[in-house]
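Asker: Mind having a look at this structure? Questions to follow.
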Amino acid sequence: MIFVAVAAMLVSCGGGGGRPQFGDNEFPVVTVGTSQADMQSTYPASIKGIQDVEIRPKAQGFLVQINVKEGQTVGAGQVLFVIDNETAQAQVRQAQASVNAAQQQVNTTRLTYENSQKLHANNVIGDYELQTSRNNYESAQAQLSQAQAGLASAKEALSYCYVKSPASGVVGTLPYKKGALVSGSNVLTTVANISSMDVYFSVTEKEAMIISQKGLNALPAVKLQLADGSMYAYEGVVTRMSGVIDATTGSVQLIASFPNPEKALKSGATGKVIIPRINSSAIIIPMSSVSEVQDKKFVYLLGKDNKVKYSEIIVDPQNDGMNYIVTDGLKVGDKYVTNGITKLSDGMEIVPITPERYEKKIQEQAKAMTAGEIVGAMKK
């Protein structure tokens, strides 16, 4: 067991913390190949109901009734608030009286006109009297129409005092209390349809171009990470992409739709959209093969003359904590040093060996160590 521990320690030292002293210039080298990598891209997101409606009154007045509570589910057409409407009701009664009077005038002038028609037929009155009677009748009809329009307008004004929900959904905050003076400039609440949720997030212009070329249908199902770090139980689908690039950020907005059967998602919440990506030809190298200087990453590439070259690489920001996915700086067929990189320098000539040979030499060295050397190595 002690031998195994020492061997493992020597292998780890061969990575970032140093290299066993083999007494030669041998370093393990591997050839770059490709493999499948399960990757993901994460984007900050905001969550909204598929329909978020601000409720504003059309009438001005004092709130006399608040018929809902925050978080309550309401239906389309349900009365949410009532504004003081005594004046509006009086105007309706007045308009109704005007209609009644106009209707009576129509009735009277109609009888007069009908009687004039009979008298004219018997040559009792002339054309002038008949035309005058007809004009009075038509004028009364016009006045009735005007009164009816006034009544319709008064009733509409009265209806504005009863603030109804234009859609089904969940009531938001209620910033105004009973007795408050409100008008069209005041948002009394919001009604959000949260049967499913629209999750908004933005991608770079380059990513948007790739998505446009492949089409939204080519995107896999996306996941949603909530503000507390937990994963939402249901997957979503990207349904829409903005046709405008944000001039300030250079980003393009996408919208993913998520089902919300348990009403767990709330409109106005935040989270992160996660888009899984599968790269079938990824170049993956262990982190122990990479040195980092001022946020830049480097590897030692082996040249044909067995001299190493200190070369910068670009890696995907997503990683599993043990390996990097190289996006630039390495190609298939390149050879790089995997262990002992802290002992190397640019242009240094080495003797390349396989990783298997490297591990075997470590095991041989561990066997050759004295008890005191083993104790000393374990203390380091």
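The values are calculated or read from the model by the stated rules, or taken from the named source; none is laboratory data. None of these values were measured; they are calculated from a predicted model. Cβ: placed from backbone, ideal geometry, glycine included. Neighbour counts: every protein chain shown. Just the protein is used for accessible areas: all its heavy atoms, side chains included, with ligands, DNA and RNA removed. Shrake-Rupley method; radii C 1.70, N 1.55, O 1.52, S 1.80 Å.
Asker: If TYR162 meets every condition in (1) touching a residue at least 60 places away in the same chain (Cβ under 8 Å); (2) surrounded by 20 or more Cβ atoms within 10 Å (Cβ to Cβ) apart from one, which number is that one?
Answerer: (2)
Asker: Taking GLN91, is it open to solvent by 80 Å² or more (accessible area, probe 1.4 Å) and farther than 20 Å from LYS155 by Cβ?
Answerer: Considered against the rule, which asks whether it is open to solvent by 80 Å² or more (accessible area, probe 1.4 Å) and farther than 20 Å from LYS155 by Cβ, GLN91 comes out as no.
Asker: Right, next: Report, ordered by the first and then the second residue, all pairs with beta carbons closer than 6 Å, sequence separation of six or more or different chains, a first member in the stretch 126-154 that is farther than 30 Å from ALA88 by Cα, and a second member that is surrounded by 14 or more Cβ atoms within 10 Å (Cβ to Cβ) and among the polar types (S, T, N, Q).
Answerer: If the second residue must be surrounded by 14 or more Cβ atoms within 10 Å (Cβ to Cβ) and among the polar types (S, T, N, Q), the pairs left are LEU130/SER116; SER133/THR112; SER133/SER116; ASN136/THR109; TYR137/THR109.
Asker: Got at least one residue in the stretch 243-250 being touching a Lys or Arg at 6+ places or on another chain (Cβ under 9 Å) and open to solvent by 60 Å² or more (accessible area, probe 1.4 Å)?
Answerer: no
One line per residue, one yes/no per condition, for (1) crowded, with 19+ Cβ neighbours inside 10 Å; (2) modelled with pLDDT under 90; (3) basic (Lys, Arg); (4) within 18 Å of the chain's Cα centre (by Cα):
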residue	(1), (2), (3), (4)
GLU262	no, yes, no, no
LYS266	no, yes, yes, yes
LYS272	no, no, yes, yes
ASN279	no, yes, no, no
PRO286	no, no, no, no
TYR300	yes, no, no, no
GLY303	no, no, no, no
ASN306	no, no, no, no
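Asker: Which of the residues spanning the stretch 253-310 are of a type in the set (Lys, Arg) and touching a residue at least 24 places away in the same chain (Cβ under 8 Å)?
Answerer: Across the stretch 253-310, the qualifying residues are LYS263, LYS266, LYS272, ARG277, LYS297, LYS307, LYS309.
Asker: Which residues, counting only those in the stretch 226-242, are assigned to a loop (DSSP other than H, G, I, E, B), surrounded by 11 or more Cβ atoms within 10 Å (Cβ to Cβ) and among the hydroxyl-bearing types (Ser, Thr, Tyr)?
Answerer: TYR232, TYR234, SER242
Asker: Looking at LYS164, LYS214, which one is basic (Lys, Arg) and over 30 Å from ILE275 (Cα atoms)?
Answerer: LYS164
Asker: Hand me the list of strands (runs of 3 or more DSSP E) wholly inside the stretch 135-219 holding 1 or more residues that are over 30 Å from TYR232 (Cβ atoms).
Answerer: So the answer is 162-164.
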